[in-house]
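S.K.: Could you have a look at this structure, given as structure tokens, before my questions?
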Amino acid sequence: MLQDEPLASYDGGLNGYPTLPRTEAGAHQGRIDVNSSAARAYLELLAQRQNAFLAAASTQVGRTLTAEVALRHAVNALILDLSDAEAAQLRARGDVMLVERERQLELLTDRGPAFIGAPSKLDAADGAFMVARATHATHVTISPARIDVVASLEAPVALALVSDPHTGR
């Protein structure tokens, strides 16, 4: 993961890149308007900075690095194929927040809300139940409050993000 904020958490702090507009109506009211010119401009800036990072990192490790996946919306990250020594070199850079080895996790179930004891009434309409499908998923962090997925290159993973509709947690 790289230092620059991804689109989802960008707050307009860079000169020439304003705060991102929010949608004003409809099902996505209040969310970042990802189709706005400001959002597209910021995504382009992230792409340029990721490319600059790849060029500098390639020079640092002594070979051309190519991103297998570039992420900019929810996280600002590149999925790279690195040796342990190369990963250690890049981890030391000031513009790198996190370097993490891919881990293969065995999928133990594909059962839904009933398996975790959630009420059967949960659905996307009330915002309490959401299913995210990550086609490139590696790093999965599970806590009582959330499930995060950060990059991988293996089999698709389906995740259920569940919150209690009464407490919002």
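Read-outs: derived from the displayed coordinates by stated rules, not from any lab. Values in this document were obtained by computation on a predicted structure and should not be read as measured data. Cβ atoms come from the backbone with ideal geometry, glycine included; neighbour counts cover every protein chain shown.
S.K.: Evaluate the distance, in nm, between pseudo-label points positioned 7 Å from the Cα of Ala52 and of Val69 along their respective Cα→Cβ axes.
M.R.: 2.6 nm
S.K.: So how do 68-77, 4-13 stack up, highest first, on mean other-Cβ count within 10 Å?
M.R.: Top of the packing list down: 68-77, 4-13.
S.K.: Now a separate question. Determine the distance separating the Cα centre of region 6-51 from the Cα centre of region 55-81; give it in Å without decimals.
M.R.: 22 Å
S.K.: Let me ask something else. Compute the length gained on full extension between Asp81 and Asn35: take 0.36 nm times their separation in residues and subtract their Cα-Cα distance, giving the result in nm to one decimal.
M.R.: Fully extending the segment from Asp81 to Asn35 adds 13.4 nm.
S.K.: Arranged from highest to lowest average of other beta-carbon atoms within 10 Å per residue, in what order do the peptides 40-50, 16-26 appear?
M.R.: 40-50, 16-26
S.K.: With a sphere of radius 10 Å drawn around the Cβ of Val99, what net charge do the other residues whose Cβ falls strictly inside it have (Lys, Arg +1; Asp, Glu -1)?
M.R.: Charge balance near Val99 sits at +1.
S.K.: Starting from the 7 Å offset along Cα-to-Cβ, what nm value, one decimal, do you get for the label separation of Glu44 and Arg91?
M.R.: 3.7 nm
S.K.: Under 10 Å from the Cβ of Ile79, count the other residues' Cβ atoms, weight Lys and Arg +1, Asp and Glu -1, and hand me the total.
M.R.: Net charge in that neighbourhood comes out at -3.
S.K.: Quick check: net charge around Pro21, other residues with Cβ under 12 Å of its Cβ, Lys/Arg +1 and Asp/Glu -1?
M.R.: +1
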